[in-house]
Amino acid sequence: VQLQASGGGLAQAGGSLRLSCAASGGAVSYYHMAWFRQAPGKEREFVGAIRRSGSNTYYADSVKGRFTVSRDNAKNTVYLQMNSLKPDDTAVYYCGASTVVLSSIREGRQYPYWGQGTQVTVSS
């Protein structure tokens with residue numbers, strides 16, 4: 001599967017952005033899908049994920065209640081709706097896909113397929 005992330009940009013604190021992760025060569029409903037982010041000088045960190053069944057979503061504590069992961073099977077796309085943005089949300093955001101998660105869905109090493117990343121910058 002190939003993943004194409006888009007939707008990043010510049011937002012003010014308190015604003016919203018919606019990121020998209022469009023898949024080709026495979027159906028998103030066949031994969032566990034996740035969003036990670038990496039800020040300059042920091043390690044990549046888990047943001048949110050959705051099981052391939054679509055029945056469960058997971059979030060980092062830092063974004064819980066503000067971000068929502070969803071999936072549109074017809075468009076073969078996964079979304080990350082980001083509300084109440086904070087300057088600390090500034091990072092490059094990546095989407096990942098995996099058919100099997102052997103341990104934690106929050107671990108980046110569980111995802112063999114990655115999109116190219118999209119930059120999100122939140123100004124104060």
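Per-residue accessible area (protein heavy atoms, 1.4 Å probe) orders Asp88, Asp72 as Asp88, Asp72, starting from the largest. Starting from a Cα-only point model with no solvent, please compute log10 I(q)/I(0) by Debye for the chain at q = 0.11, 0.15 1/Å. Reported log10 I(q)/I(0), two decimals: -0.32, -0.59. Using the Cβ-Cβ distance between Ser55 and Gln116 with R0 set to 35 Å, the FRET efficiency works out to roughly 0.75. Per-atom-type breakdown for the chain gives carbon and sulfur 45% of the accessible area (1.4 Å probe, protein chains only). About its Cα centre, the dipole of the chain is roughly 180 debye, where the only charges are +1 on Lys and Arg Cβ and -1 on Asp and Glu Cβ. Using every pair of separate Cα atoms, the Kirkwood estimate puts the hydrodynamic radius of the range 31-70 at 10.7 angstrom. The mean accessible area for residues of the chain, using a 1.4 Å probe and ignoring ligands and nucleic acids, is 50 Å² per residue. Sorted largest first, the spans of the alpha carbon positions of the range 1-71 along the three principal axes are 34, 24, 23 Å.
The values are calculated or read from the model by the stated rules, or taken from the named source; none is laboratory data. As the structure is a prediction and not an experimental result, all values here were calculated from the model. As a convention, Cβ positions derive from the backbone with ideal geometry for all residues, glycine included, and neighbour counts pool all protein chains shown. Note: areas computed on protein heavy atoms with side chains; ligands, DNA, RNA excluded. Shrake-Rupley method; radii C 1.70, N 1.55, O 1.52, S 1.80 Å.
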